[in-house]
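First comes the structure, then the notes that go with it.
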Amino acid sequence: MKTRKINLGLALLISVVFVLTIAACDGGAAPAPADLKPILIGGVNDLSGPRSVTGNAINQGVILAIEHLNARGGLLGGRPIKYTIYDNRNDPQETINAYTRLAKVDGVSAVISTDASAIFLGLIEISKELQVPILGNPSDPRATIDMNTGIPHGFTFLVAQPNAINQSQIVVNYVMQKTNWRKAALFYDQTNAFTVVFSASFEKFWLEAGGEIVARETINAGDQDFRTQLSRINASKADFIMTPNPTAQLVIMANQAAQLGMTLPYAGCADMSDPFLDLVNDPTQITSVVHAPLMMNDPKLDGFTAQYIARFNVEPQTRSVYGYDGMMILAAAIEAAGSDDPIAIRDALKNNIRGLNLLISGNYSMDPNTHAPLDLGLIIMMIENGVKRLAGEFL
């Protein structure tokens, strides 16, 4: 799927902040009355910098969801949603500053934030102090649970994908059951919270299942030359490379592996799906097992995709769905709470999200014990010579 060029202007791509008050009409539905007090929702995401592709996708998904909600009459008897978004530039302190401003100055009821685990982790303590719930997609389980006590943090929620530990277990089960690969090479960013947790849990489950780890290679954020690590992997006699890295690193890896004449298949996460294949030099050289919450070419997403393209002039990616469904989950919590009070919304997110019909799932529920989706599986895709096909859905 080729990504179309986006043209949203500097206000979306590089501004520190912009504010949206959306009151669009959809399918003839009456828009939310403008004279009612708006419900204030905040956003903190990577609109510029190294993660701007994913940050903007999340943000655009949120925007589209808010437009749809306002077009249907808003929330709580007709109140429109007003959205304030700050650019964190993929910086932990900027993220804390933005969240603090949203809570203290802008007075928002909840915040939708980044899927970058390392960035999201920095919001745990400040969220306990300011008590405004944060929804995001940080796969590191520490983002929502105290790993020492097993008790969920008070105000942080994972909304649209399983955490890294659950993801790694699903991948191990699939590879063991469906392939003859038994020798794995781990290749991951040792400065990335998600990739570290995923790789450690993958190794644990893989060894328990009878597999071997024949190489362990690491990189750092910002590295541009992976050829030394790839050459060692190539000499290790591995059957495949387990590489849960972000898209930008995966593109470098795939291109340099091809230059070295490597033909090893990969196992990767959602970052190895769209837009990865459009960014590598030769997608026909890519063979991999990829896990993700959904396939973007699923027919059930056709309507969403058409509306997204019409609105933003670019095709959606998985993170776009994260943003859209994250806002819809938040809307359901606000309605269940019967209030825009942050504490009431937090309680509803924890206890009252059951059986939602979302893009990510037709029967979505939040687990109050983990502040993460309950029994949300993953789609497994096979990419063979650059062509994707659905391999199945696994829990």
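The values are calculated or read from the model by the stated rules, or taken from the named source; none is laboratory data. Everything quoted here is computed from the prediction, not taken from an experiment. Note that we place each Cβ from the backbone using ideal geometry, even for glycine, and neighbour counts take in every protein chain shown.
Here are a few things to note about the model shown:
- Residue within the range 320-329 that is within 22 Å of LEU130 (Cβ to Cβ) and aliphatic (A, V, I, L, M) present: yes
- Residue that is surrounded by the most Cβ atoms within 10 Å (Cβ to Cβ) [pool: residues in the range 43-78 that are of a type in the set (Val, Ile, Thr) and assigned to a helix (DSSP H, G or I)]: ILE58
- Leading residue by the ranking (nearest to the chain's Cα centre (by Cα)) among those in the range 15-42 that are at pLDDT 60 or above and not in a loop (DSSP other than H, G, I, E, B): GLY42
- Tally of residues being touching a residue at least 60 places away in the same chain (Cβ under 8 Å) and under 21 Å from ASN220 (Cα atoms) across the range 91-118: 5
- Within the set ALA306, ALA391, the sole residue that is over 20 Å from the mean Cα position of the chain (by Cα), surrounded by fewer than 21 Cβ atoms within 10 Å (Cβ to Cβ) and at pLDDT below 95 turns out to be ALA391.
- When restricted to residues that are more than 29 Å from GLN177 (Cα to Cα), in a helix (DSSP H, G or I) and β-branched (Val, Ile, Thr), the range 302-320 contains 2.
- Top-ranked residue of the range 350-368 - restricted to ones that are in contact with a Gly (Cβ under 8 Å, 6 or more places away or on another chain) and part of a loop (DSSP other than H, G, I, E, B), ranked as surrounded by the fewest Cβ atoms within 10 Å (Cβ to Cβ): ASN363
- Selection count, the range 333-349, where residues are surrounded by 20 or more Cβ atoms within 10 Å (Cβ to Cβ) and under 14 Å from ILE81 (Cβ atoms): 4
- Residue within the range 67-82 that is in contact (Cβ under 8 Å) with a residue 12 or more places away in the chain and either among the aromatic types (Phe, Trp, Tyr) or touching a Phe, Trp or Tyr at 6+ places or on another chain (Cβ under 7 Å) (or both) present: no
- Tabulated pairs, the range 293-313, first without any contact (Cβ under 8 Å) to a residue 24 or more places away in the chain, second in a loop (DSSP other than H, G, I, E, B) and surrounded by 13 or more Cβ atoms within 10 Å (Cβ to Cβ), C-beta under 6 angstrom, 6+ apart or interchain: THR305/PRO316
- Some residue of the range 287-301 being within 25 Å of ARG182 (Cα to Cα), out of contact with any Lys or Arg (no Cβ under 8 Å at 6 or more places or on another chain) and surrounded by fewer than 16 Cβ atoms within 10 Å (Cβ to Cβ): no
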